[in-house]
Amino acid sequence: MNQDKAIADMSHSIRNLLRTIIDPLENLKQEKVFKPVVVENALRGANLIQEIVNAMNLSSRGSFEDFRYDAHNHADKEKTNLHSILLESLIYSVGNMFDGKHFSKFVKRYFPSKSLFKEAKSEWTQVSQSVSLQEIVPFLEKYCFDADFFFDNAANYMIGDNRDSALKFLILLQELILNAVKYAAFANRENRFLHISFTDTPEQISIKVTNPYDERLNIKTSGIGHVIVRNFSKLLDTEPVINRKNGVYSVEIRFANLWKEE
């Protein structure tokens, strides 16, 4: 039943996204003057569709052994580390908060005035090019939320992509962090925060994302994002640990240490 609903949700979302492509292009046919912004919105919609389909496809393919293989076998040109993936996922998630076409209700919460939006977007264009968390945190605390990030140790864990493991981690962490950034927006600014923690032992890795949420909101629990998180967790032979209490929402992914030598 949950799987049927997830498929229905995905189909509904894809239909909605297709309208963001079809409508602008149909309107463009009627225009005598070329408008780059119309094409830009259509391309953004197309990329979102591609991301959803790619995520759903990869989330149902592979195994824990594939992750182990890529943890122990990676060429220099394809390897990355979990710190880089977490940072890239954070930048991706915050960047979506400037997309008024597809994330308008969250954009309005973070940037209630046009002048604030323009100011923040101008700064974000520069800051988002950084590969340093220390340069990104001041922006987040100025415009978005209190930021507590503890994932320095994640840089020690290299992962290859021969069996799509780096990409799978990227999609999983993007989904976790994007959801947190989105729903943190509904908290009052003084109560708004984002915590990301990475802990490691010889036996286990844990990645936890925590944010405030408005208990009055009806947050979907069987939509596309949640299905993607659960499916990728299954590939890691685990289940996400989800907690909601006193206006705080957290998701933790605990999995066996892939890098442990057998």
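The values are calculated or read from the model by the stated rules, or taken from the named source; none is laboratory data. Just so we're clear, the structure is a prediction, and the values are computed from it rather than from any experiment. Every residue, glycine as well, gets a Cβ built from its backbone with ideal geometry; the counts of neighbours run over all protein chains shown.
Looking only at the range 149-185, residues that are closer than 15 Å to Thr210 by Cβ and either more than 17 Å from the chain's Cα centre (by Cα) or aromatic (Phe, Trp, Tyr) (or both) come to 4 in all. Summed over the range 186-205, residues that are over 17 Å from the mean Cα position of the chain (by Cα) and assigned to a strand (DSSP E or B) total 4. When Phe198 is tested against (1) at pLDDT below 95; (2) within 17 Å of Ser89 (Cβ to Cβ); (3) in contact with a strand residue (DSSP E or B) (Cβ under 9 Å, 6 or more places away or on another chain), just one condition goes unmet, and that condition is (1). So, in the range 38-72, of the ones that are surrounded by fewer than 16 Cβ atoms within 10 Å (Cβ to Cβ) and modelled with pLDDT of 90 or more, which residue ends up nearest to Gln174 (Cα to Cα)? Filtering first and then ranking leaves Phe64. Within the option set Lys101, Lys108, being at pLDDT 90 or above, surrounded by fewer than 18 Cβ atoms within 10 Å (Cβ to Cβ) and basic (Lys, Arg) holds for one residue only, Lys108. Per this entry, Lys101 is counted among residues that are assigned by TED's automatic domain parsing to the domain that holds Val209 and part of a loop (DSSP other than H, G, I, E, B). Checked against (1) aliphatic (A, V, I, L, M); (2) out of contact with any Asp or Glu (no Cβ under 7 Å at 6 or more places or on another chain); (3) without any contact (Cβ under 8 Å) to a residue 40 or more places away in the chain, Val241 meets all criteria but (2). One residue alone among Leu140, Leu116 is surrounded by fewer than 18 Cβ atoms within 10 Å (Cβ to Cβ) and modelled with pLDDT of 95 or more, and that residue is Leu116. Just one of the listed residues (Phe150, Phe145) is surrounded by 17 or more Cβ atoms within 10 Å (Cβ to Cβ), in the same structural domain as Leu217 (by TED's automatic domain parsing), under 16 Å from Ile177 (Cα atoms) and touching a Phe, Trp or Tyr at 6+ places or on another chain (Cβ under 9 Å), namely Phe145.
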